[in-house]
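The values are calculated or read from the model by the stated rules, or taken from the named source; none is laboratory data. Note that the coordinates shown come from a computational prediction; the quantities given were computed from them, not determined experimentally. Here the Cβ positions follow ideal geometry from the backbone for every residue, glycine too, while neighbour counts run over all protein chains shown.
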Amino acid sequence: MEQKIEKLVQWLQDKVKEAGLNGAIVGISGGIDSAVVTHLIKRAFPEQSLGLIMPCKSNPHDQQDALKVVESSGINHLVIDLTSTHQTLFSQIEEQLKQTSQWNEKAAKLGDANTRARLRMTTLYAVANNFGYLVVGTDNAAEWHTGYFTKYGDGGVDLVPLVHFTKGEVRELAVALGVPEDVITKAPSAGLWEGQTDENEMGTTYNMIDKYLKGEEVPEEDRLIIEKLHNQSHHKRELAAAPPKF
């Protein structure tokens, strides 16, 4: 893992140099993936890296875990609370939607969550512009394959260093990098609503997705879920579709 870490650090340095920029920024959620990326960019750019903590209707424990990652990595950080900004924006959206005949409370709940992810992306780029940094994403191989990320939210980034690493491999990276133990072992969650976990929402486990990605046999039910998630999310992994030139 240390060799892979060295290669990832070199790759990050190369991509920032190619872009003619100064360093890198990441949103620190308090989860394992962002913790690993935080440690990586701090290694790659000891003096020119930044972690951004962006509470937005969030569980206070997530911010506490994010601060543990700041401490373990030694990265400079800012805290920008987006709760009131999100409330102002989404309350207006919701008010107008409720006046239509197609108001869908379940869909609105997801829209609320995705809007938070996109506000965080907007905030990351505003801060990145100030420092001349690239925005580094946190999606791992399982999330990328299944589309378990918000398009133009946590998927709206410049670099995705973990995209070829399974969730199990991300845990190995976390141990090697010195990520706090309770961050490594906490249940993966996007923090979308109270009690939300990634695996409950996807309908399968990261362990099953990891096995599938490695070509190992998984139960038929899990295989069908994984393939359905992958097929439904093709658009998330591609640039905006354009027609052929007429």
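I'd like to know if segment 123-136 contains one or more residues that are touching a residue at least 40 places away in the same chain (Cβ under 8 Å), out of contact with any strand residue (DSSP E or B) (no Cβ under 8 Å at 6 or more places or on another chain) and either of a type outside the set (S, T, Y) or assigned to a loop (DSSP other than H, G, I, E, B) (or both). Step through it out loud before you land on a result.
Initial filter on segment 123-136 (touching a residue at least 40 places away in the same chain (Cβ under 8 Å)): 123-124, 127-128, 131-136.
Filter once more, so that each one left must be out of contact with any strand residue (DSSP E or B) (no Cβ under 8 Å at 6 or more places or on another chain): none.
No, segment 123-136 has no match at all.
When residues of segment 226-235 are filtered for being in contact (Cβ under 8 Å) with a residue 12 or more places away in the chain and either of a type in the set (S, T, N, Q) or touching a helix residue (DSSP H, G or I) at 6+ places or on another chain (Cβ under 7 Å) (or both), how many remain?
The number of residues fulfilling the criteria is 5.
Which residues, taken from segment 6-39, are surrounded by 18 or more Cβ atoms within 10 Å (Cβ to Cβ), over 22 Å from I80 (Cα atoms) and in contact (Cβ under 8 Å) with a residue 60 or more places away in the chain? Spell out how you get there, then give the answer.
So the first thing to find is which residues in segment 6-39 are surrounded by 18 or more Cβ atoms within 10 Å (Cβ to Cβ), and the list is 8-9, 12, 16, 23-39.
From what is left, the residues that are over 22 Å from I80 (Cα atoms) are 8-9, 12, 16.
Hits for segment 6-39 are L8, L12, V16.
What is the number of the single condition among (1) of a type in the set (D, E); (2) at pLDDT below 95; (3) outside any helix (DSSP H, G or I) that D81 does not meet?
(2)
Within segment 81-93, count every residue that is buried (at least 17 other Cβ atoms within 10 Å of the Cβ) and within 19 Å of the chain's Cα centre (by Cα).
2
Can you name the residue in segment 153-181 that is in contact with a helix residue (DSSP H, G or I) (Cβ under 6 Å, 6 or more places away or on another chain), among the hydrophobic types (A, V, I, L, M, F, W, C) and farther than 23 Å from K211 by Cβ and, of all such residues, is surrounded by the most Cβ atoms within 10 Å (Cβ to Cβ)?
V179
Please enumerate the residues belonging to segment 94-146 that are hydroxyl-bearing (S, T, Y), closer than 19 Å to K15 by Cβ and surrounded by fewer than 20 Cβ atoms within 10 Å (Cβ to Cβ). Break it down into steps so the answer makes sense when it comes.
Taking segment 94-146 first, the residues hydroxyl-bearing (S, T, Y) are 100-101, 115, 122-123, 125, 133, 138, 146.
Those left that are additionally closer than 19 Å to K15 by Cβ: 125, 133, 138.
Matches in segment 94-146: Y125 only.
Answer with yes or no whether P46 is touching a Leu at 6+ places or on another chain (Cβ under 9 Å), under 23 Å from P180 (Cα atoms) and part of a loop (DSSP other than H, G, I, E, B). Give the steps one after another, and end with the answer.
Working: touching a Leu at 6+ places or on another chain (Cβ under 9 Å): no; under 23 Å from P180 (Cα atoms): yes; part of a loop (DSSP other than H, G, I, E, B): yes.
No: the conditions fail for P46.
Which of the residues spanning segment 1-43 are of a type in the set (G, A, S) and part of a helix (DSSP H, G or I)? Reasoning before the result, please.
Taking segment 1-43 first, the residues of a type in the set (G, A, S) are 19-20, 23-24, 27, 29-31, 34-35.
Scanning segment 1-43 gives S34, A35.
I need the full set of residues from segment 115-153 which are closer than 24 Å to P46 by Cα and touching an Asp or Glu at 6+ places or on another chain (Cβ under 8 Å), in order please.
Result: R120, M121, L134, V135, V136, G137, T138, D139, N140.
Tell me which of these K98 doesn't satisfy, since it passes every other one: (1) within 11 Å of the chain's Cα centre (by Cα); (2) modelled with pLDDT under 95; (3) of a type in the set (K, R).
The number of the failed condition is (1).
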